[in-house]
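The values are calculated or read from the model by the stated rules, or taken from the named source; none is laboratory data. Small disclaimer: the values here were computed from a predicted structure and weren't measured. Cβ atoms come from the backbone with ideal geometry, glycine included; neighbour counts cover every protein chain shown.
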Amino acid sequence: MDLLVHGFATVLQPQIFFILVAGTLGGIIIGSLPGLTATMGVALLTPLTFSLPPATGLVMLCGIYCGAIYGGSISAILIRTPGTPAAAATVFDGNELAKKGLAGKALGMSAIASCAGGVFSALCLTFIAPELARVALSFSSPEYFAMGLLGLSIVASISGDYVVRGLISACIGLLVGLVGLDNLNGYPRFTFGLVDLLNGVSFIPVLIGLFAVSEALRTTESMLKTAHVDFKLSGVLPSFSELRGCAKTILKSSAIGTMIGIIPATGGDIAAFLAYGEAKRSSKNGEKFGTGELEGVAAPEAANNGVTGGALIPLMTLGIPGDAVTAIFLGALMLQGLRPGPLLFKDNAELVYAIFAGMFLANIIFMLFGLFAIKYIARVINIPKPILTPIIFVLCIVGSYSINNSMFDLLVMMFFGVLGYLMDKFKFPVSPIVLALILGPMVEGEFRRSLLLSSGSFSIFFTRPICVAILTLTVFSVVGAYIQQRKKHRLLKLEN
């Protein structure tokens, strides 16, 4: 508790708190714009953290993450277009309420439920993560190798219906991760005589290219105009009886979202649909879901924001990113010279609890914005794409160049931007590249260190109980993904 109080004291310093508020507001704006996802927002603004103190930069990313997940509900309710995939389930009842002239009430319930889900997950993050970290302190190279392998095993799960293409994407990420000096003997690999590649491919330009530039290129291709929004919103505060009627749903959905967030390869969209289905099943007004029920807004919004804290638990304690956003968050930590895992809690406890406090406050901040400034924030939905897209390109260029002041990084950014655009065209998932790029060097390094410890014997991986347990989970993960794909193919054959 002393560390948590110190974390709040750190975040409430005027400079850090101002940046947290700005990050949260920026996240809301990014999330509310259809096509600009939370992943893109965090990737785009991660370079800014390089010039900031660790606590300031990472707290800002927490604000962007939480704000963007909530912001997706604004366009979902007002124009039936989810700003982020996590808000897809909010469309069902949120837009129906808007059609009935109750858009303000739907937005108010969204803000309150999102805050409740986020705070619930932040509590779980604060009290579960340190206990997991204590267990993980007994980890050595074999356990870290097994954890990295477990992280890579979720590639099949995050690839959706395109498993083979996801594996190809992961192989691209692994190959990119091999570029540069060998991490044990310093031998240059795949540098092609280029000095700029001796330190490997810079992580941030790759992220910006894959997620931000590729999206800007797609937008440039379409230049679709966003539908007009009626901003005559009123009554954004649900009544006490309405809040009481949704309280049970919000609590249950928050728990669902947090548990889903802890599981790698899931995300806010899965949590939102699961919570929506459970709320519909258990509600006495379940048959009215889809026609404009406040519970139908509260359930997915509490769940998708519950994912935010849950997803950070495996990242902070074990160094395993569960989705694209936490993968970028991992990159931001590494950019600050920090390695997620149990030693982060031991060596940088004050920073860890500052992040926890930032998660709490970010949820409160976006709720206040959602209740008292939503009329003005919602206007960003009408920003024309011809104006927005050049701004994104400029931010991409500035962000990529600022890391190393290198023109080569701009070339890397553009290469991966075009690659991400082409991959989207041909239905190749992008997230496996990021996952493999981060975890690949870790798996290789820890595997080789383990063999050095055992004098070349593979028995070291099968004589340590924790390592065996993690490797068993990895096998189950791969087999489970294979069985799931087989079931999908059988269902498709039956339908055809």
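In the range 313-325, what residues are closer than 21 Å to Ser73 by Cβ and not acidic (Asp, Glu)? Full working, then the answer.
Initially, the range 313-325 is screened for residues closer than 21 Å to Ser73 by Cβ, giving 323-325.
Listed by number, the residues that qualify are Ala324, Val325.
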Practice task
List every residue pair whose Cβ atoms lie under 9 Å apart, where the two residues are 6 or more positions apart in sequence or sit on different chains, the first residue falls within the range 423-444 and is among the charged types (D, E, K, R) and surrounded by 24 or more Cβ atoms within 10 Å (Cβ to Cβ), and the second residue, located anywhere, is modelled with pLDDT under 85 and not in a helix (DSSP H, G or I).
Solution key: none
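Just wondering, is there one or more residues in the range 367-384 that are in contact with a Cys (Cβ under 7 Å, 6 or more places away or on another chain), part of a helix (DSSP H, G or I), more than 30 Å from Asp182 (Cβ to Cβ) and of a type outside the set (Asp, Glu)?
Looking through the range 367-384, at least one residue is in contact with a Cys (Cβ under 7 Å, 6 or more places away or on another chain), part of a helix (DSSP H, G or I), more than 30 Å from Asp182 (Cβ to Cβ) and of a type outside the set (Asp, Glu).
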Completion exercise
The residue from Ile433, Ile387, Ile438, Ile392 that alone is out of contact with any helix residue (DSSP H, G or I) (no Cβ under 9 Å at 6 or more places or on another chain) and either in a helix (DSSP H, G or I) or within 26 Å of Leu335 (Cα to Cα) (or both) is Ile387
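Pick out the one residue from Ala170, Ala156 that is buried (at least 17 other Cβ atoms within 10 Å of the Cβ), modelled with pLDDT under 75 and either farther than 30 Å from Ile391 by Cβ or of a type in the set (Lys, Arg) (or both). Before the answer, list the steps.
On the way: Ala170 fails: modelled with pLDDT under 75.
Going through Ala170, Ala156 in turn, the sole match is Ala156.
Looking at the range 169-226, which of the residues that are of a type in the set (Lys, Arg) and not in a strand (DSSP E or B) is nearest to Met413 (Cα to Cα)? Spell out how you get there, then give the answer.
Restricting attention to the range 169-226, the residues satisfying the condition of being of a type in the set (Lys, Arg) are 189, 218, 225.
In the following step, the residues that additionally are not in a strand (DSSP E or B) were identified as 218, 225.
On the way: Arg218: 16, Lys225: 27 Å.
Residue satisfying both the conditions and the ranking: Arg218.
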Handout entry: Selected residue (only one of Val434, Val394, Val418 is of a type in the set (Val, Ile, Thr), under 28 Å from Gly200 (Cβ atoms), modelled with pLDDT of 90 or more and within 25 Å of the chain's Cα centre (by Cα))
Key = Val418
Practice task
State yes or no: is Phe289 modelled with pLDDT under 85, buried (at least 20 other Cβ atoms within 10 Å of the Cβ) and among the aromatic types (Phe, Trp, Tyr)?
Solution key: yes
Exercise for the section: Answer yes or no: is there a residue in the range 462-483 that is surrounded by 18 or more Cβ atoms within 10 Å (Cβ to Cβ) and over 26 Å from the mean Cα position of the chain (by Cα). Expected result: yes
Practice task
Identify, by number, the condition in (1) outside any loop (DSSP other than H, G, I, E, B); (2) under 26 Å from Gly173 (Cα atoms); (3) of a type in the set (A, V, I, L, M, F, W, C) that Phe428 doesn't meet.
Solution key: (1)
Practice task
Select, from Ile19, Ile29, the only residue that is assigned to a helix (DSSP H, G or I) and modelled with pLDDT of 90 or more.
Solution key: Ile19
